1. Taking the Cβ-Cβ separation of residue 39 and residue 155 as r and a Förster radius of 30 Å, what is the calculated FRET efficiency to the nearest 0.05?
2. Of (i) 57; (ii) 72; (iii) 54, which one was derived for percent of Cα pairs over 19 Å apart from the structure shown?
3. How high is the relative contact order of segment 15-151, in percent, with contacts defined as C-alpha pairs under 8 Å that are six or more residues apart?
4. Between residue 17 and residue 84, what is the FRET efficiency for a Förster distance of 41 Å, r being their Cβ-Cβ separation, to the nearest 0.05?
5. What is the order of 59, 75, fewest Cβ neighbours within 10 Å to most?
6. Listing 108, 93 from the residue with the fewest other Cβ atoms within 10 Å to the one with the most, what is the order?
7. Kindly put 124, 26 in sequence by how many other C-beta atoms sit within 10 Å of each C-beta, fewest to most.
Amino acid sequence: MTGSANDAPRGAVTGAARSARRRARELAMQGLYQWLLSREDVGAIEAHLIDAPAFAKADAEHFKALLHGVLKSLDALHAAISPHIDRRLEELSPVEHAVLLLGAFELSSHPEIPYRVVINEAVELAKTFGGTDGFKYVNGVLDRVAVRLRPVEAARRS
């Protein structure tokens, strides 16, 4: 007998849901990357990404929450990231910048997602889309951001 999503503990994320969320993060990161480079209207960026074939397998609600949430919270996210980077924001690669914004947003606005999951997902995005060692930088910065944004959860890490 195979289980269904309904058999999962309340609040648990199933494999399919996790994959849909990962796809949503990928698309949101791509949208943020595009916005960082062009400052194009977020509605146009969103429409373009929604038309992409990959969108069919994404968690559309999470994608929209991420893309719009990051841009609405940009100043606060930059304030959370800036103390933990070794250069000016403008000097970050656009991929690292987008991934850091996305990770900081999930850390600050989605407490239901464990901070280790947020950081792991950000590291995977940086590995997939970024430079050779960019994922190490993202990991280090978000680990320090997590200590600040989620001190109780971060203190429990082993």
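1. 0.20
2. (iii)
3. 24 percent
4. 0.85
5. Final ranking by Cβ density, sparse to dense: 75, 59.
6. Lowest count first: 93, 108.
7. Fewest to most other Cβ atoms nearby, the residues stand as 124, 26.
Just so you know, all these numbers are worked out from the coordinates, no wet-lab data involved. Everything numeric here is computed off the predicted structure, so don't read it as measured data. So basically every Cβ, Gly included, is an ideal-geometry build from the backbone, and we count neighbours across all protein chains shown.
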